[in-house]
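Written below as structure tokens is the structure these notes are about.
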Amino acid sequence: MADNEQIARLKASVGDWNAWRAANPRIKPDLSGADLTKAGLRRADLRSADLSGAVLKGAGLTEARLGGADLTAADLAHADLIEADLSKSVLRRAALTGALMLGAKLRGADLQLTDLRGADLRGADVGGAALAESIYLVQSQVESAEGNEQTTLPPKLQRPAHWARERPPAKR
């Protein structure tokens, strides 16, 4: 069950939230089922947080750190995830309908049964991501993303030729 104090802290101030996370690195935030619709969470530190079943419709998560987060069945429809780090996150059965994911890092993420209808994946790093059972993923989305040989795709989609080339190291 979600921790109401944590939800209130996050909604009140991302700066205070990030300071609290830095001071309490061993606490795994429980934001499961939280209603964060249209919340301004730019650059929020949500690494390893439990956001399963959370409602993040239209949330501003630009450059948010969500690596290792559990976003199972979360609603991220129309969320702004530009340059967000979702590496090794679990997005099973999540709704990413119409999400802006330009340049997002999804390395090793689990996107099985995730609704990607209309999600903008231009420049997103899906290296090693599990996309084989994602829903409504289309070839143009795959072509616009950056993947590798470990990225799994649905059988009906083709691995883009540019995925075979060596990628330059990411800028920090």
Checklist entry - Can you name the residue in segment 146-172 that is hydrophobic (A, V, I, L, M, F, W, C) and either outside any loop (DSSP other than H, G, I, E, B) or at pLDDT 75 or above (or both) and is also surrounded by the fewest Cβ atoms within 10 Å (Cβ to Cβ) among such residues? => result A161
Next on the checklist: Could you list, ordered by first residue, the pairs with Cβ atoms under 8 Å in which the first is in segment 137-162 and acidic (D, E) and the second is surrounded by fewer than 15 Cβ atoms within 10 Å (Cβ to Cβ) and in a loop (DSSP other than H, G, I, E, B), at least 6 apart or interchain?
Outcome noted: E146/G123; E146/R167; E149/A164
Checklist entry - What are the residues in segment 116-127 that are β-branched (V, I, T) and surrounded by fewer than 22 Cβ atoms within 10 Å (Cβ to Cβ), if any? => result none
Checklist entry - For segment 81-115, which residues satisfy the criterion of being of a type in the set (D, E, K, R), within 18 Å of G40 (Cα to Cα) and surrounded by fewer than 21 Cβ atoms within 10 Å (Cβ to Cβ)? => result E83
Item to check | Scope segment 14-37; condition exposed (fewer than 12 other Cβ atoms within 10 Å of the Cβ), closer than 19 Å to A84 by Cα and not hydrophobic (A, V, I, L, M, F, W, C); matching residues | outcome: G15
Checklist outcome for this item: How many residues of segment 65-80 are surrounded by fewer than 23 Cβ atoms within 10 Å (Cβ to Cβ) and part of a loop (DSSP other than H, G, I, E, B)? The answer is 6
Next on the checklist: Would you confirm whether or not segment 36-47 contains a residue that is touching a strand residue (DSSP E or B) at 6+ places or on another chain (Cβ under 6 Å) and not in a loop (DSSP other than H, G, I, E, B)?
Outcome noted: yes
Item to check | Positions within segment 128-145 being surrounded by 20 or more Cβ atoms within 10 Å (Cβ to Cβ) and among the small types (G, A, S), in sequence order | outcome: A129, A130, S134, A145
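The values are calculated or read from the model by the stated rules, or taken from the named source; none is laboratory data. If you're wondering where the values come from, they're calculated on a predicted model, not measured in any experiment. Cβ sites come from the backbone with ideal geometry, for glycine too, and all protein chains shown count toward neighbours.
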